[in-house]
């Protein structure tokens, strides 16, 4: 079976209106609806991020945003990592993180990445070299841990 999945990497200014709508819809579907977390998704950081996502027929399947050093943390970082419900179980999340790490290494010339991971994903991120920093906290009533990759 041939995949129609397309990977895209864009700055905020490069988004088409349709792409931006699809990304925001995916983020709301996963974080607000599925995880039942009303939170301010539009946080004025999208304009400073590099956005990477997989899409099929205009639907977002997996997504994250990437930041250079000094925007969210002293190190580079990534966040808003998601795989939409219909795309789960296809290893797109693994590909997404692999590509995100490569983009950071190639554009920002570092392998140091700090993230805020939901606790149930600690093992997933550790497979990419992220290490638990011991900093644990609740964000929107969901247990999180700060992780660092060097």
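Examine region 18-32 for a residue that is surrounded by fewer than 17 Cβ atoms within 10 Å (Cβ to Cβ), modelled with pLDDT under 95 and either more than 13 Å from the chain's Cα centre (by Cα) or under 26 Å from residue 91 (Cβ atoms) (or both), and state whether such a residue exists. Quick ask: steps written out before the conclusion?
Taking region 18-32 as the starting set, the residues that turn out to be surrounded by fewer than 17 Cβ atoms within 10 Å (Cβ to Cβ) are 18, 20-21, 24-25, 28-29, 32.
Narrowing further to those that are modelled with pLDDT under 95: 32.
Checking the rest, the ones that are also either more than 13 Å from the chain's Cα centre (by Cα) or under 26 Å from residue 91 (Cβ atoms) (or both) come to 32.
Looking through region 18-32, at least one residue is surrounded by fewer than 17 Cβ atoms within 10 Å (Cβ to Cβ), modelled with pLDDT under 95 and either more than 13 Å from the chain's Cα centre (by Cα) or under 26 Å from residue 91 (Cβ atoms) (or both).
Is it true that residue 80 is free of Cβ contacts under 8 Å to residues at least 24 places away in the same chain, within 15 Å of the chain's Cα centre (by Cα) and either within 25 Å of residue 17 (Cα to Cα) or assigned to a helix (DSSP H, G or I) (or both)? Here the answer is no, as residue 80 does not meet what is asked. Of the set (1) outside any strand (DSSP E or B); (2) touching a strand residue (DSSP E or B) at 6+ places or on another chain (Cβ under 9 Å), all apply to residue 33 but (2).
Yes/no per residue for (1) in contact (Cβ under 8 Å) with a residue 40 or more places away in the chain; (2) part of a strand (DSSP E or B):
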{"residue": "18", "(1), (2)": "yes, no"}
{"residue": "22", "(1), (2)": "no, no"}
{"residue": "62", "(1), (2)": "no, yes"}
{"residue": "74", "(1), (2)": "yes, no"}
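Restricting attention to region 85-142 and to residues that are assigned to a strand (DSSP E or B) and touching a residue at least 24 places away in the same chain (Cβ under 8 Å), the residue that is surrounded by the fewest Cβ atoms within 10 Å (Cβ to Cβ) turns out to be 142. For region 61-87, a residue qualifies if it is on the phi > 0 side of the Ramachandran plot and in contact with a helix residue (DSSP H, G or I) (Cβ under 7 Å, 6 or more places away or on another chain), and exactly one does: 80.
Residues that are assigned to a loop (DSSP other than H, G, I, E, B) and at pLDDT 95 or above were ranked within region 44-60; the one that is nearest to residue 104 (Cα to Cα) is 49.
Please count how many residues of region 1-16 are surrounded by 11 or more Cβ atoms within 10 Å (Cβ to Cβ) and in a loop (DSSP other than H, G, I, E, B). Residues in region 1-16 being surrounded by 11 or more Cβ atoms within 10 Å (Cβ to Cβ) and in a loop (DSSP other than H, G, I, E, B): 2 in total.
The values are calculated or read from the model by the stated rules, or taken from the named source; none is laboratory data. Everything quoted here is computed from the prediction, not taken from an experiment. Using ideal geometry, Cβ is built from the backbone for each residue, glycine included, and neighbour counts are taken over all protein chains shown.
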